[in-house]
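Presented below is the structure to which this report refers.
Values in this text are rule-based calculations from the coordinates and carry no lab data. Not measured: the values here are computed from a predicted model. FYI the Cβ positions are ideal-geometry reconstructions off the backbone, even for glycines, and counts take in every protein chain you see.
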Amino acid sequence: MFLERYAKPVRGVRLILDEEIRELAPGVPIPESRMLSDLQIHELARQHRSLIVEGGAESIYLLYIPRRLPDGSGRGERGEAFVAESFAVIASDRVREGFLAIGGDEVERFVTQHELGHLLGLVSNEGHEHAGHCTNPTCLMYPEPDLRAALANWWRAFSGRLPTELDADCQRDLERLRESAQPRASATMSSGARKERGTSGPQAAKG
Ligand SMILES: [Zn+2]
Ligand SMILES: [Zn+2]
């Protein structure tokens with residue numbers, strides 16, 4: 001599992017699945033367009049993120065929505081990590097359209113792991129970073145599944161796969177983040193989290 005492999009938590013990872021959310025709020029249906037705005041996304045997370053963790057554990061919340069209202073930047077339409085809040089949103093309908101010969105499941109796997117990478121504090125190392133993403137197209141933290149990523153991973157793309165791993169640079173970054181971590185991992189997450197330039201304001205990593 002991605003988190004066990006890269007975050008190496010001392011006491012392991014527990015995955016808790018919530019029930020499917022059927023309404024935006026009691027009595028308020030999901031819009032017919034199936035597109036949710038940032039406000040609606042945050043409101044859903046606020047309403048449904050109910051887990052209380054104790055004893056030094058940390059929680060990450062993943063919210064799968066159908067579609068995200070485009071904000072004109074062309075980014076963040078598949079997913080976005082809200083690093084300060086340790087939560088990420090994945091726009092499943094959009095993601096599950098797939099990409100070239102790569103199926104929806106695989107894109108969803110990629111986007112989920114990619115957003116988790118942001119929540120762990122990637123990518124802020126100027127040595128291999130551009131706008132909060134890794135410049136290596138074989139890396140999970142490359143901005144998004146695009147043609148360049150598919151070509152750089154052609155041997156995987158042939159079997160319908162996208163990058164499955166962090167490259168050596170990003171693995172080293174995580175190693176460093178862990179080493180500098182104080183008992184509370186969240187302090188590391190926010191200090192390691194980059195402040196995105198331009199598109200979305202601080203503490204949000206799009207795409
Ligand atoms: Zn990388
Ligand atoms: Zn990203």
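Among the residues of the range 75-114, those identified as under 9 Å from the mean Cα position of the chain (by Cα), of a type outside the set (A, V, I, L, M), outside any helix (DSSP H, G or I) and more than 19 Å from R34 (Cα to Cα) are F82, F87. Within the bounds of the range 72-86, is there any residue that is touching an Asp or Glu at 6+ places or on another chain (Cβ under 6 Å) and away from ligand 2 (no atom under 16 Å from the Cβ)? No, the range 72-86 has no match at all. Scanning the range 50-74 for residues that are farther than 18 Å from E19 by Cα and in a strand (DSSP E or B) yields R67, R68.
Exactly one condition in (1) more than 9 Å from ligand 2 (Cβ to nearest atom); (2) more than 15 Å from D169 (Cα to Cα) is false for G127; which is it? That leaves (2) as the condition not met. Restricting the range 130-144 to residues that are more than 7 Å from ligand 2 (Cβ to nearest atom) and outside any loop (DSSP other than H, G, I, E, B), the residue that is farthest from F110 (Cα to Cα) is H130. When the range 1-35 is filtered for residues that are in contact (Cβ under 8 Å) with a residue 40 or more places away in the chain and in a loop (DSSP other than H, G, I, E, B), the ones remaining, listed by number, are K8, P9, R11, R34. Being in contact with a Gly (Cβ under 9 Å, 6 or more places away or on another chain), in contact (Cβ under 8 Å) with a residue 24 or more places away in the chain and among the aromatic types (F, W, Y) is a description that does not apply to F82. When you scan the range 52-61, do you find a residue that is within 19 Å of E108 (Cβ to Cβ) and surrounded by 12 or more Cβ atoms within 10 Å (Cβ to Cβ), even just one? For the range 52-61, residues within 19 Å of E108 (Cβ to Cβ) and surrounded by 12 or more Cβ atoms within 10 Å (Cβ to Cβ): present. Condition check for P66 on (1) surrounded by fewer than 11 Cβ atoms within 10 Å (Cβ to Cβ); (2) in contact with a Ser or Thr (Cβ under 9 Å, 6 or more places away or on another chain): one failure, at (1). Would you please name the residue that is surrounded by the fewest Cβ atoms within 10 Å (Cβ to Cβ), looking only at residues in the range 1-49 that are under 17 Å from Y64 (Cα atoms) and hydroxyl-bearing (S, T, Y)? Going through the qualifying residues, I end up with S33. The set of residues in the range 147-174 that are within 15 Å of ligand 2 (Cβ to nearest atom), within 16 Å of the chain's Cα centre (by Cα) and in a loop (DSSP other than H, G, I, E, B) comprises L162, P163, L166. Residue pairs whose Cβ atoms lie under 7 Å apart, sitting 6 or more positions apart in sequence or on different chains, and linking a residue in the range 54-75 that is touching a residue at least 12 places away in the same chain (Cβ under 8 Å) and of a type in the set (D, E, K, R) to a partner that is assigned to a loop (DSSP other than H, G, I, E, B) and crowded, with 16+ Cβ neighbours inside 10 Å, are R68/G76; R68/E77; R75/T199; R75/G207. Farther than 30 Å from E175 by Cα, touching a strand residue (DSSP E or B) at 6+ places or on another chain (Cβ under 7 Å), β-branched (V, I, T) and away from ligand 2 (no atom under 16 Å from the Cβ), is that true of I102? No: the conditions fail for I102.
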